1. On each of the three principal axes of the Cα atoms of the range 43-89, give max minus min coordinate, whole Å, ordered largest first.
2. If you count the DSSP beta bridges with both ends in the chain, what percent of them are antiparallel, to the nearest 5?
3. Rank the residues 226, 92 as a footprinting-exposure proxy: fewest other Cβ atoms within 10 Å of their Cβ go first.
4. Quick one: in the range 115-211, what % of C-alpha pairs are over 20 Å apart?
5. Work out how much length residue 300 to residue 259 would gain on full extension: take 0.36 nm times their residue separation and subtract the Cα-Cα distance, in nm to one decimal.
6. Residue 275 to residue 248: extension gain in nm, 0.36 nm per residue of separation minus the Cα-Cα distance?
7. Measure off 7 Å from each Cα along the Cα-to-Cβ vector at residue 140 and residue 102, then give the distance between these two points in nanometres to one decimal.
8. Mind giving me the nanometre distance, one decimal, between the label points for residue 114 and residue 161, set 7 Å out from Cα along Cα→Cβ?
């Protein structure tokens, strides 16, 4: 397996390369230190959210109300000094409430003309709060923006400012009054990050801090230009072909009905992951390697992100539900089943 590094452009030196890697590694530490002012615990959640930003992907955060999902996203936007917009998704929210609408205005010459008024989607960081509280028609209004980074209104395309991220929160599907996101939209999210209740000691710390004093303000550490540069560095991280093949085989094994699909997948899974899953596994693994100060991807980088990348792309069937098998169980078993490349 390759372990050399080659993430610099032509003309750049080895020292430039190492400086870029060190900046990302130290930047992660500074970000986590700043977030610790308002976020207690949830280290894995924070890491996966940052990985999606550095890799240029959107992130879905799933958890019960009151677990600081909104606070986490808002704090990340403040750290990167980005234009932030929060959209509260409700059952009566319309697509135009997100993307914008045309209004009739009277010009100085007395003529009337249609003028497009941009909606809250025109920002760098979009917090789609409780995205599964709104019907599918409004959820779909985000699809073009997430995939193409643009909005089309009355046949005119309006590009979105870069960098552009959608960080969506959703309550568990089992809760009353929710609309499950369609598979096509779920596939646009790089990760589905599960946020759970804190351990007792962390909850004690949160309650103590939030009832005794106001939290310290979040200080901006980076800019949007920094994020774009970080994303470029992430994409230049080398990855050995056998690791790419492992990621592809891991994703392919989630698809039932194929000749080489494991039998437990055929029994438990009704729908598997698509090509984007393998792409996001590799992109996320590249970012994770840089977070660790490495200039090459290792097998543990892919395996560590398998659950976050696949859990919203794999749909278990009735047999799995009857036997008490969750999608997490399926992914864990796949990690034990698929042959790992020799290192």
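Read-outs: derived from the displayed coordinates by stated rules, not from any lab. Only a predicted model underlies this, so the values are computations on that prediction, with no experimental measurement involved. We place every Cβ from the backbone using ideal geometry, glycine too, and count neighbours over all the protein chains shown.
1. Principal axes ranked by extent give 26, 24, 17 Å for the Cα atoms.
2. Counting only bridges with both partners in the chain, antiparallel ones make up about 40 percent.
3. In order of increasing Cβ crowding within 10 Å: 92, 226.
4. Counting every Cα pair in the range 115-211, those more than 20 Å apart make up 50 percent.
5. Full extension from residue 300 to residue 259 adds 12.0 nm.
6. 8.9 nm is the gain from fully extending residue 275 to residue 248.
7. 2.0 nm
8. Here the answer is 2.6 nm between the modelled labels.
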